[in-house]
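Okay, so here's the structure we're looking at.
The values are calculated or read from the model by the stated rules, or taken from the named source; none is laboratory data. This is a predicted model, so every value here is computed, not measured. Virtual Cβ from ideal backbone geometry, glycine too; neighbours counted across all protein chains shown. Quick note on the areas: whole protein, heavy atoms, side chains included, nothing else; ligands and nucleic acids left out. Shrake-Rupley method; radii C 1.70, N 1.55, O 1.52, S 1.80 Å.
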Amino acid sequence: MEKTVALIIAERNFRDEEYQVPKEILEKAGFKVLTASTVLEQAVGKLGMTVKPDVLVKDLIDRDLAALVFIGGGGSSQYFDDATAHDLVNHFYNQGKVVGAICIAPVILANAGVLKGKKATVFPDGRPDLETKGAIYTGNQVEVDGNLITGSGPEASQAFGEELVAML
């Protein structure tokens, strides 16, 4: 049975390459990729990429996922304090599934409470948010701690995607 990975993007201003590069790497490795957002209409990336999400974020809780990954970009701030996003993070994290985020999106994981005492990275702007929530900020391009994976930004997209596949 093929494993499914959910990539969660913002309605607007998700980071195009942080979505596209890991998605291509995951699909090439044989994973099914579901794109989730808070709308099923077209989502638009910071650089103009358009994506039609497959599923609403709130409907992921009932899915059998191998991994749940939040894509960065300024738009991902819509999930920083989103209770549904935090519930999803904790649900899949507590099941031992891979939970990840790239760029500024690791702030979502920190706010959900799963980074406390864990090594993590984030786009530099997010460092105070991670540290305030008890994460051990490393500044690496990609950081893995248990079933958590975080990436620092667009330049980490390739390594992030490859590490996701390795974890799965």
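Is it true that some residue in the stretch 99-109 is among the small types (Gly, Ala, Ser) and more than 12 Å from the chain's Cα centre (by Cα)?
Let us first name the residues in the stretch 99-109 that are among the small types (Gly, Ala, Ser), namely 100-101, 105.
Next cut, more than 12 Å from the chain's Cα centre (by Cα) only: none.
There is no residue in the stretch 99-109 that is among the small types (Gly, Ala, Ser) and more than 12 Å from the chain's Cα centre (by Cα).
Lys3 satisfies every condition listed in (1) surrounded by fewer than 19 Cβ atoms within 10 Å (Cβ to Cβ); (2) of a type in the set (Lys, Arg); (3) within 16 Å of the chain's Cα centre (by Cα) except (3).
Based on what the data block shows, is Ala120 in contact with a strand residue (DSSP E or B) (Cβ under 6 Å, 6 or more places away or on another chain), of a type in the set (Gly, Ala, Ser) and crowded, with 24+ Cβ neighbours inside 10 Å? Criteria met by Ala120.
Quick one: which of Gly73, Gly30 is surrounded by 17 or more Cβ atoms within 10 Å (Cβ to Cβ), touching a residue at least 12 places away in the same chain (Cβ under 8 Å) and touching an Asp or Glu at 6+ places or on another chain (Cβ under 9 Å)?
Values: Gly30 fails: surrounded by 17 or more Cβ atoms within 10 Å (Cβ to Cβ).
Sole residue among the options that is surrounded by 17 or more Cβ atoms within 10 Å (Cβ to Cβ), touching a residue at least 12 places away in the same chain (Cβ under 8 Å) and touching an Asp or Glu at 6+ places or on another chain (Cβ under 9 Å): Gly73.
When the stretch 43-62 is filtered for residues that are open to solvent by 80 Å² or more (accessible area, probe 1.4 Å), at pLDDT 95 or above and either in a helix (DSSP H, G or I) or among the hydrophobic types (A, V, I, L, M, F, W, C) (or both), the ones remaining, listed by number, are Leu47, Lys58.
Picking from residues in the stretch 92-105 that are under 19 Å from Asn147 (Cβ atoms) and touching a helix residue (DSSP H, G or I) at 6+ places or on another chain (Cβ under 6 Å), the one that is surrounded by the most Cβ atoms within 10 Å (Cβ to Cβ) is Ile102. Among the residues in the stretch 130-141, are any under 15 Å from the mean Cα position of the chain (by Cα), surrounded by 18 or more Cβ atoms within 10 Å (Cβ to Cβ) and among the small types (Gly, Ala, Ser)? For the stretch 130-141, residues under 15 Å from the mean Cα position of the chain (by Cα), surrounded by 18 or more Cβ atoms within 10 Å (Cβ to Cβ) and among the small types (Gly, Ala, Ser): absent.
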